[in-house]
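*Asks:* Handing you this structure, nothing more for now.
Quick note: the coordinates plus some simple rules give every number you see, no bench work behind them. Only a predicted model underlies this, so the values are computations on that prediction, with no experimental measurement involved. Note that we place each Cβ from the backbone using ideal geometry, even for glycine, and neighbour counts take in every protein chain shown.
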């Protein structure tokens, strides 16, 4: 029941050795020597990490391991002291956050950022890239952007339908529940037709029923050519949807591999529970 | 002291007249600019009067120093306001919102003090201000300065009428532009940035650039307010740009309701109507002996009317915190 093997047969990383920093056959993201310290605390210190294209990669680790900082560094919301990120073969280290998003890396946040005073539909339309009407002078001349707006709206309605938010389209997104906001944020990220979506704790604080439907949406993304990276604390979720798991502890990658093997990894158990424990192993995984 | 009853008719006529007059138009326009800053883009600008001054001086100096024609002078005034926005915005808009607030309040005072300094005396004429610019603008006046214009009891001279028409005309154009902007995708991005800059950036929007655009747009509109005032008063004096005016513009905006198209206009009208009404009523009450001179004498009326406006504003915040036009529903979303 664990793992989420693609419909087209075998696991894409079946032949990859399960050691930290291992090379992948088709990496979309490559992180090199990335380091970030806050004062004396080294939050992130990753020598080498590759993220395979078209699969779901989970980023796990104990509290304070540096997962969110690592996310921020990947997406340009924080700058590393050293290191670089290659996205789709291009060095994006010099690009700031909005340029990385334009390049195809779209993220969500741990604390949901639904724009409460915009309607759900407006939230969605905001996600679309390359809008003529977002430039100052063209915005004053509706004929220049009206047809594009129609196309965007059409797409927004389709996604809202898929994410079961369609009935809320005209409401302020501030009226949505916490779980619905998570759905909206994910749907909005997809409006940008990203190559990579990076979800920071996608199901935190979401009720079990909604969690299931949210996870179904995430599982479908690779089939649409979207690479997914997510940070999550809930191990059931990690085993359920991820194809590959990267474990971070004290800022460094200490293990990576398929979910089946990660739970049995000695370094991981030590990092989570202190050395000498084997509780994770004994749990039904 | 007169013994006649209070002349309510006179007070009412005055009240209506000022709420449609030059000051109301100037305040409305300045608040329209502030509404873009704070209402739509969420920028805390506590130096709007600096933009007003930049616009006025840009226009005035174009005529007195460089002999430009009035239309070019207006463009230069807009250029001055833009430059002021860039000076304020480029270093601060990457930082948290409070930094802009700190910088603006100081920068507006710098403009005023520079303009009244003896160092720049040859250019800006110090505290005496600029007067000679008005000629070319008077030539553009289609109304006869010798004739009174208006309806019924409301009559003003041709020059004044020209400035009032100009003021409300520019305000109307500004409102149309903003209405169009805010219903476009540009407006959507700006409103998104107001709420959460990081969310906008995560969706590929250049928050810094949009904030700078909004700062410039609102600043240029503030500059136009300064130009209208200059034409109406036929003078540009540094001390008509004291920091208190910025807070009057804020009062206007909050009265009307933040982030609504019409709120600066209605806010300005209500603000001036209140000031004039309190002034007239208090003066009459003191003169009639209803208020003993031991409590308030006629020279204090001018200050006390501002206190009453303050009381009015406080009551508004208690009973209708969203302002006259604001949306309660939208406001309550913050509290959830």
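*Asks:* Can you bin the stretch A:46-114 into rounded, prolate or oblate? Criterion: square roots of the alpha carbon gyration tensor eigenvalues sorted a ≥ b ≥ c, rounded for a/c under 1.5, prolate for a/b above b/c, oblate for the rest. Mind dumping the intermediate values first?
*Replies:* Details: a/c = 1.27, a/b = 1.15, b/c = 1.11.
Cα axes put the stretch A:46-114 in the rounded bin.
*Asks:* Would you mind computing Rg(Cα) / (2.2 N^0.38 Å) for the stretch A:147-241, counting N as its residues?
*Replies:* Numbers: Rg = 13.5 Å, N = 95, 2.2 N^0.38 = 12.4 Å.
Cα Rg divided by the expected 2.2 N^0.38 Å: 1.09.
*Asks:* Hey, another quick one. When Cβ neighbours within 10 Å are restricted to other protein chains, what is their mean count per residue of peptide A:181-188?
*Replies:* 1
*Asks:* What would the Debye equation give as log₁₀ I(q)/I(0) for the stretch A:132-176 at q = 0.13, 0.14, 0.30 Å⁻¹, counting only Cα atoms as equal point scatterers?
*Replies:* After summing over all Cα pairs, the log10 values are -0.40, -0.46, -0.94.
*Asks:* What is the Cα centroid distance between the stretch B:1-47 and the stretch B:99-166, reported in whole angstrom?
*Replies:* 17
*Asks:* Here's another thing I want to ask about it. Of all beta bridges DSSP finds with both residues in chain A, what is the antiparallel percent, to the nearest 5?
*Replies:* Roughly 60 percent of the DSSP beta bridges within chain A come out antiparallel.
*Asks:* A further question follows. Given the C-alpha centroids of the stretch B:290-332 and the stretch A:44-116, what is the distance between them in whole angstrom?
*Replies:* The distance from the Cα centre of the stretch B:290-332 to that of the stretch A:44-116 comes to 51 Å.
*Asks:* Using a 10 Å cut-off on Cβ to Cβ distances, tally the other chain neighbours for every residue of A:97-105 and report the average as a whole number.
*Replies:* Numbers: counts 8, 10, 3, 3, 6, 4, 1, 1, 2.
Average neighbour count from other chains, rounded to a whole number: 4.
*Asks:* For chain B, rounded, prolate or oblate, judged on the Cα gyration tensor with a ≥ b ≥ c (square roots of eigenvalues), a/c < 1.5 rounded, else prolate if a/b > b/c?
*Replies:* oblate
*Asks:* Moving on to the next point. If packing is taken as the mean number of other Cβ atoms within 10 Å per residue, what is the order of B:196-207, A:257-268, B:13-24, B:256-267, highest first? Working shown, then result.
*Replies:* Details: B:196-207: 22.8, A:257-268: 17.8, B:13-24: 20.0, B:256-267: 24.3.
Going by the mean number of other Cβ atoms within 10 Å, highest first, we get B:256-267, B:196-207, B:13-24, A:257-268.
*Asks:* For n ≥ 4 DSSP H runs only, could you compute -39500 (n - 2.57) per run for the protein assembly as shown, divide by its residues and tell me the 222 nm figure to the nearest 500?
*Replies:* Working: 26 runs with 324 residues, N = 621.
So the calculated ellipticity at 222 nm is -16500 deg cm²/dmol.
*Asks:* Is the stretch B:208-336 rounded, prolate or oblate when judged by the Cα gyration tensor, a ≥ b ≥ c being the square roots of its eigenvalues, rounded requiring a/c under 1.5 and prolate requiring a/b larger than b/c? Don't skip to the answer; put the middle values down first.
*Replies:* Details: a/c = 2.85, a/b = 1.36, b/c = 2.09.
Oblate, because a/c is 1.5 or more while a/b does not exceed b/c.
*Asks:* Taking each residue in A:135-146, count the Cβ atoms of any other chain within 10 Å of its Cβ, then average. What number comes out? It would help to have the intermediate numbers written out before the result.
*Replies:* Numbers: counts 5, 9, 1, 3, 11, 6, 2, 3, 0, 1, 3, 1.
Taking all residues of A:135-146 together, the mean is 4.
*Asks:* What do you get for the angle between helix A:178-191 and the principal long axis of chain A? Use alpha-carbon atoms, 0 to 90 degrees, nearest ten.
*Replies:* Its long axis makes an angle of about 80 degrees.
*Asks:* Any idea what angle helix A:208-220 forms with the longest principal axis of chain A, computed on alpha-carbon atoms, 0 to 90 degrees, nearest 10?
*Replies:* Compared with the principal axis, the helix lies near 90 degrees.
*Asks:* A follow-up question, please. Quick one: Kirkwood hydrodynamic radius for the stretch B:125-250, alpha-carbon pairs, angstrom, one decimal?
*Replies:* Values: mean 1/r = 0.0570 Å⁻¹.
When all Cα pairs of the stretch B:125-250 are included, the Kirkwood radius is 17.5 Å.
*Asks:* Which of the peptides B:81-94, B:209-222, B:170-183 is most tightly packed, and how do the rest follow, going by the mean number of other Cβ atoms within 10 Å of each residue? Walk me through the numbers on the way to the answer.
*Replies:* On the way: B:81-94: 19.9, B:209-222: 25.3, B:170-183: 17.3.
The most tightly packed comes first, giving B:209-222, B:81-94, B:170-183.
*Asks:* Okay, moving on. Could you rank the peptides B:138-151, A:190-203 by their average count of other C-beta atoms within 10 Å per residue, with the highest value first? Mind showing how you got there, number by number?
*Replies:* On the way: B:138-151: 11.9, A:190-203: 22.4.
Highest mean packing first, the order is A:190-203, B:138-151.
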